[in-house]
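All remarks here apply to the structure that follows.
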């Protein structure tokens, strides 16, 4: 090899490297000295041809050339040494009987002299050298050939020991395993042909170094939040999908050619596919019942997102101030206690109630519209307010008492009930699953009190529908409910709302649609979530009388919060049949009736408690009556905790800055992507 800037050949594997490379790209061997010529190390001008013919025939002892070529090949590194022991690995020199055992695996063609001699001598007793070769080949069965450098690696190797190429495509690598001489079937011949075609295609393709450089560039600039969501759909993992959607990701986004190349799974990902396409394909391929149900839930979530409930830029307070939101969750964890005694159940020691700041009314109308678009769940609000309306149907409550309810945007996952409860109290999501753990522990340890009331309540509904269950079926259903409570990402039932009322030590009022409808708008079932959930297993003195409100639409919960009332205190009229106090002036009012003036149902009452629902409501809630005769529950809105006040102030400052831009002499358009939830998620 000349020294005029051309590539240099490695003296270990003969791979030609770029002049600037200090080590071999293939085997990481050192670059030889400039004055050395590795093709002239044998001492004569024809050393190249002699050495090549020696490798091709794999016969003849090396000792015959010792006078002309004093350097010997050693095992296992094949370094040419002048001494009897390798200066690198300390191994003795190779003999003629073992030389071809190390050279043959590098030969690609099955028509080599050695392969022909093996096929001719199958029916005769092989010589000792060929026996050793066959034993070596048998031990190499199961090894995988590196698609980059053709080095045989052990089956457990994650990366190629020679060039470091990953073995993430085991199915492709298995087709490149060298066939055994003992089983030279037609399938083995086809494998050899495919292997030779692979080598020829690789040689004719663009420089591999350039391809790797481009692929690394694509990976660095890729949107891994989106790519992980695609992988999560295929693998049935809802967490990355939920993280992508909650960060404001577009559920209708399609895969590009570069993203398909990065994912490198042609059997799963195609150009132009959306998350829905991937979910449908994965659902059709999976036959296991559990994975099938998980993908059905994931598909339902994606379809609901495409309808618009979670699309667009969302800017809830916990997204604008993620560090403060993380501090709030840590503080909430310290407020959870476990009460010992006959009813071991978790409970909280603080009772905040989240409300929108009254300063929202002071913002200009365009800024207010943007604030509500980025904060509220428009689809949930429309469903709850559409005919027949579930919330905001009474002018007595919305206008005269100033108690209009707003549905906050929520993560579209199985944790939406817990997230909505945390939003209605602390203004953040249950990102750390603290509330879910408290719920699961309460049901598990206090099951001897929850189970009888739950069974009696469900039995009454079953008898109304003229069917009954055996005790074993009741226990099986109870076990399933306990399992759902302990698994993050799983949807929860009525029992869990009832248990959360005990953890919070306060009533929970759910305003929900009465019928669950399909995507075509057809009623497919009766929704039983609407009603009042009271902490009936606690003593009344141990609980507070201020409720929280949740909204339920098709398979999804949202926090319903009022506007802070201090800006409209003077304009509020007196409430009939109640004593007006300072608490009333700092309260919102939640209806305890539907628009037909029927009391909302109280769930999990025993047979002895039925028939006196209004008296029970007055025992657990501060009940008032409006001028129109509507029973309402008083929701006291106290001063915010310090951390919640700081988070709301940071969130509100963003819209104050926008209002200043609209009132400037030269009005600028409102920025839409500033503080976008995309990339600025709730991973505080």
Multiply the residue gap between residue 280 and residue 219 by 0.36 nm, knock off their C-alpha separation, and tell me the result in nm, one decimal place.
19.3 nm
Just order 212-222, 460-470, 420-430, 611-621 by mean Cβ neighbour count inside 10 Å, highest at the front, would you?
420-430, 611-621, 212-222, 460-470
May I ask you to list the residues of segment 428-457 whose amide nitrogen lies under 17 Å from a point 7 Å from Cα along the Cα→beta-carbon direction of residue 471?
448-449, 451-456
What FRET efficiency comes out for the pair residue 342/residue 404, r = Cβ-Cβ distance, R0 = 41 Å, nearest 0.05?
0.45
Calculated FRET efficiency for the pair residue 482/residue 514, C-beta based, R₀ 35 Å, to 0.05
0.80
Starting from the Cα-Cα distance between residue 148 and residue 660, subtract it from 0.36 nm times their residue separation and give me the gain in nm to one decimal.
178.3 nm
Taking R0 as 60 Å, what FRET efficiency do you get between residue 593 and residue 166 from their Cβ-Cβ distance, rounded to the nearest 0.05?
0.40
Report the full-extension gain for the segment residue 395 to residue 540: residue separation times 0.36 nm, less the Cα-Cα distance, to one decimal in nm.
49.0 nm
Order by protection proxy (mean Cβ within 10 Å, highest first), peptides 376-384, 24-32
376-384, 24-32
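Throughout, read-outs are computed from the coordinates displayed, never taken from laboratory work. Everything quoted here is computed from the prediction, not taken from an experiment. Every residue, glycine among them, receives a Cβ derived from its backbone with ideal geometry; neighbour counts consider all protein chains shown.
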